Amino acid sequence: MGMSTVCFAVNTRLEKELGLDIRSYEDLLDPKLKGKIIFSDPNSSSAAWNNLCNIFSVYGVDTPESWAIIEKLMRNGMVVGSSSSKCFKDVANGEYVVGLTYDNGAVTVLGAPDYEMRYPANGTSGKDSCFAIIEGCRHPEAAKAFVEAMTSKEGTEKMYAMYGGVRFTNALVDEPASFQLGKTKDIKWVDRPVEELTEKKDALLKKWNELYASVYN
C-alpha cells in the first residue's frame, strides 16, 4: 500500500559552491564530492539496503557495472554513517553535500534552508509495505473489512490527508496537491527484481563487506 522510495538528499548551497548539479549516480563520482557523501550500513539499515537494491536494479544484480559504481562511491570517500536518519539530517545541517536515502525519511526535514530531495535520473525503485490477513486468524471477517477499508479510494484519501510524506500505491487515487514527495508520473522508474535480491541478499552483503574492508582498511 505504501512505498519507501530511494532518493538523494542534497544540500544545494554546498552543491552550488562546488559547481555541481547532482542528478545521477555518475554525478556522485565527481572528485569534488570526495568525503562529502553519506550513506548508512546496509547490514543494519533497511534504508541502505533499499539503496543498494536500487543500484542493482539500475545496473543489474551482482553485475560488474553495479559493483564498479559501488566501489567508485567507496573510493570517493563515501561515509557510512551509524543510522539512516543521518543521511538526510546531516545533509540538511550542512555536514555533507549529498546523502543516499529514502523519500519518506528525507521529507521530514523538507523546508530546511538549502535542502532538496531528488530522485536518481538513472531510475528509481522502492520498497513496498502492505496489508495481509493471517491464515487462521481469530476474526477473519473483521480483518477483511479492515483491509478493504484501508485500500479503498476513501481509505487511501484519508491516509494521504494524514501522511503527506508517504507514497500510497492505489491506482484509484491521484496524489493530492498537498503531496510532499515527487509526483509519481514525473519519476523515472525501474523494475526491482525483489525475488532475486532477496535470494542473494546474504551473498551481496558479504561481497559489500569484503569490498568495504579492502577500500577502507
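The values are calculated or read from the model by the stated rules, or taken from the named source; none is laboratory data. Please read all numbers here as calculations on a predicted model, not as lab measurements. All Cβ positions, even for glycine, are placed from backbone atoms using ideal geometry, and neighbour counts span all protein chains on display. Remember, those area values only see protein heavy atoms, side chains included, never the ligands or the DNA or RNA. Shrake-Rupley method; radii C 1.70, N 1.55, O 1.52, S 1.80 Å.
Scanning the range 77-109 for residues that are within 20 Å of Ser24 (Cα to Cα) and in contact with a Cys (Cβ under 7 Å, 6 or more places away or on another chain) yields a count of 6. Taking the criterion of being open to solvent by less than 70 Å² (accessible area, probe 1.4 Å) and not in a loop (DSSP other than H, G, I, E, B), the residues of the range 106-141 that qualify are Ala106, Val107, Val109, Tyr115, Met117, Arg118, Thr124, Gly126, Ser129, Pro140. Against the test of being aliphatic (A, V, I, L, M), touching a Gly at 6+ places or on another chain (Cβ under 7 Å) and modelled with pLDDT under 75, the options Ala149, Ala171, Ala177, Ala143 yield a single qualifying residue, Ala149. Consider the range 180-192 and keep the residues that are modelled with pLDDT of 85 or more and touching a helix residue (DSSP H, G or I) at 6+ places or on another chain (Cβ under 7 Å). The one that is surrounded by the fewest Cβ atoms within 10 Å (Cβ to Cβ) is Asp191.
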